[in-house]
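Contents: one structure, followed by commentary.
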Amino acid sequence: MKEVTVQELKNMMDRNDEFQLIDVREPFEYEVSNLNGLNIPLAGIVIESDKVAKDRPVIIQCRSGKRSAQAVMLLEQQGFDNLANLKGGILAWKEEIDPDMDVY
């Protein structure tokens, strides 16, 4: 499974790279803190896979990287080959990029 670090994601954002960010946490988690990704909870990722881009890189994130890894595996079984897991999730983002971010 391909992974990107939070620093790599920040660099992609800073360069305005073309990619899609998907947050597979629950809506209440997304409301606490998010990186402006599309919120598709893990339980619905296969059902809503039509919302996942096929024509550009897709980075999947959650709180710690575990649920997003599951989402990557589920989507890869659906034929996606453009996915990467955000290593460490939003907790790593807080630790390395934005210490003031609210997390739970």
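The values are calculated or read from the model by the stated rules, or taken from the named source; none is laboratory data. Just so you know, these numbers come straight off a predicted model, no measurement behind them. As a convention, Cβ positions derive from the backbone with ideal geometry for all residues, glycine included, and neighbour counts pool all protein chains shown. Accessible surface is based on the protein model in full, side chains and every heavy atom, while ligands, DNA and RNA are left aside. Shrake-Rupley method; radii C 1.70, N 1.55, O 1.52, S 1.80 Å.
Rounded to whole Hz and in sequence order, give me ³J(HN,Hα) for segment 29-39 from the Karplus expression 6.51 cos²θ - 1.76 cosθ + 1.60, θ = phi - 60°, writing x for Gly and Pro.
For segment 29-39, the Karplus curve yields 6, 4, 5, 5, 7, 7, 10, 6, x, 6, 8 Hz.
Using the crude model of +1 on Lys and Arg Cβ and -1 on Asp and Glu Cβ, and no other charge, please compute the dipole size for segment 54-104 relative to its Cα centre, in debye to 20.
I would put it at about 220 debye.
Scan around E3 for amide H atoms under 5 Å from its own, H built in the peptide plane at 1.01 Å from N, and keep only partners 5 or more places away or cross-chain.
Amide H to amide H, under 5 Å and 5 or more residues apart or across chains, E3 pairs with N85.
What number comes out for accessible area per residue over the chain if the probe is 1.4 Å? Units Å², please.
With the other protein chains kept in place, the chain gives 55 Å² per residue.
Helix 66-77 versus the longest principal axis of the chain: what angle, 0 to 90°, nearest 10, using Cα atoms?
Tilt of helix 66-77: around 20 degrees.
Using +1 on the beta carbon of Lys and Arg, -1 on that of Asp and Glu, and nothing else charged, what's the dipole of segment 1-77 about the Cα centre, debye to 20?
That gives segment 1-77 a dipole magnitude of about 160 debye.
Given 0.36 nm per residue, what is the gain on full extension from Y104 to S64 after removing their alpha carbon distance, in nm?
13.3 nm
Got a number for carbon plus sulfur as a percent of segment 2-97's accessible area, 1.4 Å probe?
Roughly 47 percent, rounded to a whole number.
Stretch F28-D81 to full length: gain in nm at 0.36 nm per residue minus the Cα-Cα span?
Values: separation 53, 0.36 × 53 = 19.08 nm, distance 2.92 nm.
Separation in residues times 0.36 nm, less the Cα-Cα distance, equals 16.2 nm.
Which links in K54/K94; K2/K54; K10/K94 stretch past 19 Å when you go from one Cα to the other?
Cα-Cα > 19 Å for K54/K94; rest within.
Could you give me the percent of Cα pairs per 5 Å distance bin for the chain, shortest bin first, beginning at zero and ending with the bin that holds the maximum distance?
Reading upward from the zero bin: 3, 14, 27, 27, 19, 9, 2, 0.
Mind listing the long-range amide H neighbours of L21? Cut-off is under 5 Å, sequence gap 5 or more, other chains count too, H placed in the peptide plane at 1.01 Å from N.
Long-range HN contacts for L21: L38, I59.
Along the charge dipole of the chain, pointing to its positive end and built from +1/-1 on Cβ of Lys, Arg, Asp and Glu, which listed residue (N11, M73, G37) has its Cα farthest out?
M73
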